[in-house]
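The values are calculated or read from the model by the stated rules, or taken from the named source; none is laboratory data. Worth saying up front: this structure is predicted, and the values here are computed from it rather than measured. Here the Cβ positions follow ideal geometry from the backbone for every residue, glycine too, while neighbour counts run over all protein chains shown. The accessibility values were calculated without ligands, DNA or RNA, using every heavy atom of the protein model including side chains. Shrake-Rupley method; radii C 1.70, N 1.55, O 1.52, S 1.80 Å.
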Amino acid sequence: MNCKQFFYMTEFSSNTIEIIKLNEKNSCLTSKFDCGTNDLNDFIANDALPQQNEAINVTFLWFSKINHDLLGYITLCTDSIHLFGEKKEEMKKIGIHYK
């Protein structure tokens, strides 16, 4: 593993973090975000808001209440799970019913 692939985890208490949905006003703050992974940096800077506007996903930005730095983000993607045959029956047996 090289240094660029290593992700440093820092713990923050919930009362020091503010979570805000990505929008036109705060999207300018995403261009300077750097988590050490180019694809993730590019996504938040260039793709997250357009995809959110197209109802493909929704992104929430995590800010420090102390210094207002962008700490990270979470993107929830719109998708579905399609199960057929044996796998669908297996899920039903354990109480998970997909339509």
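One table, with the values for the structure above:
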quantity: With DNA, RNA and ligands ignored, accessible area of GLU54 (1.4 Å probe; Å², nearest 10); calculated: 130
quantity: Of PHE33, PHE12, PHE60, the one that fluctuates the most in a GNM where the chain has Cα springs shorter than 10 Å; calculated: PHE12
quantity: Simple Cβ-charge dipole of the stretch 10-73, Lys/Arg +1 and Asp/Glu -1, about Cα centre, in debye nearest 20; calculated: 240
quantity: For the chain, with +1 on Lys and Arg beta carbons and -1 on Asp and Glu, the positive-most of LEU61, ILE96, PRO50 along the dipole; calculated: ILE96
quantity: Förster-model FRET efficiency, 30 Å R0, TRP62 and LYS87, C-beta, rounded to 0.05; calculated: 0.30
quantity: Accessible area of SER14 in the full protein assembly, 1.4 Å probe (Å², nearest 10); calculated: 100
quantity: Residue among GLY72, CYS28, PHE12 farthest towards the positive dipole end of the chain, charges placed on Cβ; calculated: PHE12
quantity: Which label in (i) 9.8; (ii) 6.8; (iii) 7.4 gives the computed mean projected area of the Cα convex hull in nm²; calculated: (i)
